[in-house]
Every structure is written in structure tokens, then in C-alpha cells.
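Undergrad: Let me give you the structure first, and then I'll get to my questions.
The values are calculated or read from the model by the stated rules, or taken from the named source; none is laboratory data. This structure is a prediction, so every number in the text was calculated from the model and none was measured. Glycine gets a Cβ as well: all are built from the backbone with ideal geometry, and neighbour counts include every protein chain shown.
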Amino acid sequence: MRTLLAGFAALTLLASPAFAAEPAAAPDRPLPDAAQEARAQALFKDVRCVVCQHESIADSPAGIAGDMRQRIREEIASGDTDAAVRDDLVRLYGDYILFTPPVRGGTWLLWFGPLLLVLLGAAALIAFGRRKAVESAPLSPDEERRLADLLQSETVRPDPDATAPHDGR
């Protein structure tokens with residue numbers, strides 16, 4: 001029984017996170033040509049990490065960001081232009097991958113939607129500002145006489161809970 005317990009304890013200890021192997025991450029190796037590496041670094045800042053929120057692959061520690069950096073370096077080393085690298089990334093991940101997506105039918109609302117909302121809001125404010133106030137018709141002499149009679153009669157009394165604005169309270 002003791003050997004069974006000792007074996008179970010050893011198995012539990014070996015399965016703990018302290019003994020877990022870290023995944024092998026490919027190190028970021030810069031390109032030997034400084035001009036190509038500068039192009040790659042510039043592209044890294046323009047490409048969004050698909051895992052991180054609003055972070056470029058240049059700043060992201062995520063594994064997929066490292067894979068994307070390596071892919072961009074390989075494409076640049078093979079002689080692809082920056083536009084070809086961007087097109088390849090858009091083909092794989094969609095327009096979301098770029099911090100500045102191209103202006104086309106699918107992204108028109110993304111580019112011009114905020115401006116359209118501001119213009120619509122301004123137009124609504126101008127329209128409401130120019131709207132004429134509705135003027136009430138003056139009381140007829142008969143209505144004025146009835147109002148004066150009501151105010152002087154005892155059936156209409158002021159609200160005891162209401163206070164005048166200048167009564168000193």
C-alpha cells in the first residue's frame with residue numbers, strides 16, 4: 001500500500017506545472033540585410049496581432065505574432081514587396097489584420113461612418129435649432145373673464161405644499 005501511495009505522490013508531483021515543459025518558441029532572428037530588416041520592422045508596426053487587442057505584432061508576445069513576424073521576414077528575404085506581403089496577410093486573415101485597412105466597398109462604413117454620424121448629428125442640431133416655437137393663441141375676452149372669476153373664487157386654493165421661489169425658505 002505504501003508503494004502505491006508513494007507512486008501516486010510521485011506521479012502527482014511530476015504532473016505539476018513546475019515540471020511542465022515550455023513550448024519551444026522560435027526566436028526572432030533579424031534578417032542579415034539591414035534594409036530588409038528595417039522594412040520588416042516597419043511592416044510589424046502596421047500589422048495587427050490576431051490574438052491581442054489593438055496591439056501590433058511588433059509589440060505582441062503571443063506565439064502567433066512571432067510566427068507572423070517570421071513569415072514576414074521570410075517573404076521579404078525571398079524578394080517580395082511590402083505590398084505583396086500585405087496582400088498575402090490580408091488574403092490569410094482579412095482586412096482586420098491591417099491597422100489601416102484599404103478603402104473599398106467592404107470598408108467604406110469603417111472609414112466614413114464616423115464622419116457620417118457627426119454630419120447627421122450636426123444636421124439634426126441645426127434642424128432642431130431652427131424650428132419655430134409654437135406660440136399659444138391669446139385668451140379671448142370671455143376666457144380671461146372666466147379665469148379671473150376662478151382665481152377670485154374660494155374653490156381654487158393655492159397648494160399648501162407648494163412654495164414660492166422667493167419666500168425665504
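Undergrad: What pairs can you find where one residue is in region 123-139 and in a helix (DSSP H, G or I), the other is surrounded by fewer than 10 Cβ atoms within 10 Å (Cβ to Cβ), and their Cβ atoms are less than 8 Å apart, with a gap of 6+ or different chains?
TA: Close Cβ pairs (under 8 Å, with a partner that is surrounded by fewer than 10 Cβ atoms within 10 Å (Cβ to Cβ)) do not exist here.
Undergrad: Turning to a different aspect of this structure: Output the residues belonging to region 47-69 that are of a type in the set (A, V, I, L, M) and either at pLDDT 90 or above or farther than 17 Å from D95 by Cβ (or both).
TA: Selection gives V47, V51, I57, A58, A62, I64, A65, M68.
Undergrad: Further question on the same structure: Counting just the residues of region 54-108 that are without any contact (Cβ under 8 Å) to a residue 40 or more places away in the chain, assigned to a loop (DSSP other than H, G, I, E, B) and among the polar types (S, T, N, Q), which one comes out surrounded by the fewest Cβ atoms within 10 Å (Cβ to Cβ)?
TA: Ranking the candidates gives S78 first.
Undergrad: How many residues does region 30-46 hold that are within 13 Å of Q70 (Cα to Cα) and under 28 Å from the mean Cα position of the chain (by Cα)?
TA: Qualifying residue count, region 30-46: 4.
Undergrad: Is it the case that F99 is under 30 Å from R39 (Cα atoms), modelled with pLDDT under 90 and in contact with a strand residue (DSSP E or B) (Cβ under 8 Å, 6 or more places away or on another chain)?
TA: The answer is yes for F99.
Undergrad: From the list L120, L139, which residue is outside the structural domain of A42 (by TED's automatic domain parsing), within 23 Å of the chain's Cα centre (by Cα) and surrounded by 10 or more Cβ atoms within 10 Å (Cβ to Cβ)?
TA: L120
Undergrad: Residue under question is A83, and the condition is that it be modelled with pLDDT of 90 or more and closer than 30 Å to V50 by Cα; does it hold?
TA: Criteria met by A83.
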